[in-house]
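The values are calculated or read from the model by the stated rules, or taken from the named source; none is laboratory data. Here the structure is a predicted model, which is why all the values come from computation and not from measurement. Heads up, the Cβs are rebuilt from the backbone with ideal geometry, glycines too, and the neighbour counts pull from every protein chain shown.
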Amino acid sequence: MINPENQRRELWRQKFPTIIAVLLSIFQMLLTLGIVGCEVGISLVQFPRMDIFVGYWTFPNFMCAWISLAAAGCCCRIRCCGITALVFQILALPLAVCVIGFDAYFLNHPTYCFFSSDCNSWYSSSSSNYDPYGLSNNSTLYGIKVPIVQGQLAAGVLMLVACVIYIIVYAVTSYRVRKGIRAQNGSPVSVSRAPQTIPYATPYNNPTFERSFVEDSAITSTVNPTVPKNQLICPNCRSRFKVTV
């Protein structure tokens, strides 16, 4: 009998799309590097504005997501690794939504300081004096930082799409594995509907002897009148047999 666990493992290796998983992992790796790279640029250019460090605190989970996905599609092609990758992809979904939400908010409010209002008062009171850090230079804000935030927003959207794609791939693969197990364990239709034949012995007609209701003294043998009623004579060898009841 085939072990169900080994059967499920073999079917998972056959049904799981390795190429799609590897390509998604590479794609997520590039997106992760893009998100954290944009966050570095956001922190360097006019730091107080449009910054909540979203690229830094989402980076660890995004790293685990693409590494687990690469392992599931390359060197660990079993269902447990697929489940691990699924967990990290599900955890990456709300983080990708956070990247999208914060970046969209900052694009609508480019001069907003998230952590404190001190920078807002500083910007409002600043004049055209020399600023060594370029904090009051709006051309730097709209010319450099806004495009970086837009790039991070695009990377967050693509990361969200990649996570959803893997969740769909996992669901389809699990369905195909369950269907394959049912197909292998189920009996063929021709066998299940075949009529069952029961062996039986060839009927044998035993000779019956009828006894009349006349007195025993009046009964004589039909073969030989001189033979007693409880004896028979074989017609071939003329042997005499005694019948006892």
Problem - Qualifying position, being hydrophobic (A, V, I, L, M, F, W, C), touching an Asp or Glu at 6+ places or on another chain (Cβ under 6 Å) and either surrounded by 14 or more Cβ atoms within 10 Å (Cβ to Cβ) or not assigned by TED's automatic domain parsing to the domain that holds Leu153 (or both), among Ile42, Ile52 - result: Ile42
Exercise for the section: Please work out if Arg182 is at pLDDT below 90, surrounded by 12 or more Cβ atoms within 10 Å (Cβ to Cβ), in a helix (DSSP H, G or I) and assigned by TED's automatic domain parsing to the domain that holds Val40. Expected result: no
Fill in the blank from the handout: The condition from (1) loosely packed, with under 14 Cβ neighbours inside 10 Å; (2) touching a residue at least 40 places away in the same chain (Cβ under 8 Å); (3) over 17 Å from Ala162 (Cβ atoms) that Cys80 misses is numbered (2)
